[in-house]
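Structure first, then comments.
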Amino acid sequence: MPPGDYEVLIEEERLDGRGFLAYRKTATYVFVAGKGRNAGKMEKLEFSGIDLETMLGQNRETPENTPTGDAALSPQEDLK
């Protein structure tokens, strides 16, 4: 995928029965905005965690992607 701004959704499940709070990643999705005839539509693509890390690494290596301080990670909300 070309470098750009994408929305990423990581689904996790809570692991019960442990002496500590733990989660397991169950799915990773990237939402891609449509172009041309599909403008205004979003496509949800499923990726492995390794594929996502590879894409992020390639995006960081692109010269026009210099850090601006605008990006931030959003913490996983504690769903009880």
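I'm checking my understanding of the structure. Among residues of the stretch 53-80 that are within 14 Å of Pro3 (Cβ to Cβ) and surrounded by 10 or more Cβ atoms within 10 Å (Cβ to Cβ), which one is modelled with the lowest pLDDT?
The selected residue is Asn65.
Condition first: touching a residue at least 12 places away in the same chain (Cβ under 8 Å) and part of a loop (DSSP other than H, G, I, E, B). Now tell me which residues in the stretch 7-65 satisfy that.
Ser48, Thr62, Glu64, Asn65
Just for the stretch 26-41: of the residues that are surrounded by 11 or more Cβ atoms within 10 Å (Cβ to Cβ) and more than 12 Å from the chain's Cα centre (by Cα), which one is modelled with the highest pLDDT?
Step by step, filter the stretch 26-41, then rank; the result is Ala33.
The values are calculated or read from the model by the stated rules, or taken from the named source; none is laboratory data. Here the structure is a predicted model, which means the values were calculated and not measured. Glycine gets a Cβ as well: all are built from the backbone with ideal geometry, and neighbour counts include every protein chain shown.
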